[in-house]
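Below: the structure, in structure tokens.
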Amino acid sequence: MKNTLQGGLRTRRQVIRSLVGSSLLLPGLVSQLMAEDSGDPLLPKSPHFAGKAKRVIFIFSNGGVSHMDTFDHKPKLFEADGKTMGVGGGLSNQQRRLLRPGWEFRPGGKCGALVSDLFPNIRECMDDICLIRSMKSDDNEHYQATLGIHTGSFFFSRPSLGSWISYGLGTLNANLPAFVAISAGSPYAGTQIFNNDFLPAYHQGVRVVPGKEPIANLERRSRMGTGQELELGLAEALNRGHLKARGQDSELAARIRTFETAFHMQTEAKEVFDLSQETDGTLELYGMKRGQTDGFGWPCLVGRRLAERGVRFIELVDGSSSHNWDQHGDMAEHAKHAKNIDRPVAGLLRDLKRRGMLEDTLVVWTTEFGRTPGVDGEKGRGHHSACYSSWMAGAGVRGGLTYGSTDEIGATVAENRVHVHDFHATLLHLLGMDHERLTFRHGGRDYRLTDVHGNVVKALLA
């Protein structure tokens, strides 16, 4: 830290003199003084070991995407359409009328991974994707399962995955948050999925809402920024003294750090959201028209722009608690949800790859659970935590690999089960973090994302 400040930082006495003389005190200067005194909690930190990934783009499809209609080809289920049998998988072997998948499957990429016609564009990217067909959750309810895939806890609020990564690795850009969540609506479990919980508040995710004002109150009150800079600088200097006198209170430190980040976001974040800088070809790659903010193309393109500017964890939420993949009545509804994300997600993978960013950016797609092979409702499927599909692409994963399998109708895991805790342990490993060492003491004991569970799935690693 001393090397980064050497030569460019005034002494505390000089700072005080500048305040007395009504000179301009930039908030960044006070932030550097805070870092010198106690260490900036969001400075980049060394991982436990050399990881392949520097950042994560985490795509969450809300509502429970049907694995046997998307990424888990089940020929027997096509043949057994209308037959009645026990579907098991946490449903007490209830007798259900089986429902055939609604879309044909075709091979994608040189690897030949079978993907349904719901995702024709993602299917073309399968050589870069590591497909996991043997995921396992612990709960059949949206709220609990959504909480689980985000926090590792199915029943109690805990820090989110993005907050753990912010805590473990810090940020690569002090002018932007370490953790950003782009969400048009409120997903199941609400803001708990980007909450810091007992971790210090500066690790909480900053929510971005697609539209004309992605972050509220980002515009400066006046074009003349000098007064605001002086006001924030003075407040920050006083807050620093207040913080030091109170034993480095984490809530106060978080508030001070938030003021500093918010100030710099007024310029840098605005630039991130300015898509006029992108070429027509890039917009077309994401399936966007110039000026468009609806659909999933905007989150994916902004996600790439945040990633290249050093944001450590970016979550892209597909769907809300009222508009999502939860198709009990008619599985045909899956088609419009798939169309919304297929081209943008494939465009994101291609864009990262052509820029050389896929080598150190981990892209993850998941949902909270799968759906039943049997009918639930008129022509729909029920919640199914016993097995589902997810995938990873990019930094450190084996592209073109299909890992794990389910039984012949997609009711239970047949081999190589990957529990949510294993999924998290593997994701952290790709970032260079040992999930058993990434801990935080709270309430008299050490907590971690994977609780007391989880194993790194080494077969997924390149």
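Please name whichever of G404, W391, L449 sits farthest to the positive end of the charge dipole of the stretch 376-459, dipole taken about the Cα centre and charges placed at Cβ: Lys and Arg +1, Asp and Glu -1.
Of the options given, the answer is L449.
Compute the separation of the alpha-carbon centres of the stretch 419-462 and the stretch 169-204 and state it in Å as a whole number.
Result: 19 Å between the Cα centres.
Among the lysines, which have Cα under 20 Å from the Cα of K83 when same-chain residues fewer than 8 positions away are ignored?
K83 reaches K74, K379.
Taking 0.36 nm per residue of separation and subtracting the Cα-Cα distance, what length does fully extending E378 through E436 add? Intermediate values should be presented prior to the final figure.
On the way: separation 58, 0.36 × 58 = 20.88 nm, distance 4.53 nm.
Between E378 and E436, full extension yields 16.4 nm more.
Every read-out reported here was derived from the displayed coordinates using simple, explicitly stated rules and does not represent laboratory data. It should be emphasised that the depicted structure is a prediction, and the values quoted were computed from it without experimental measurement. Please note: Cβ atoms are built from the backbone with ideal geometry, for glycine as well, and neighbour counts cover all protein chains shown.
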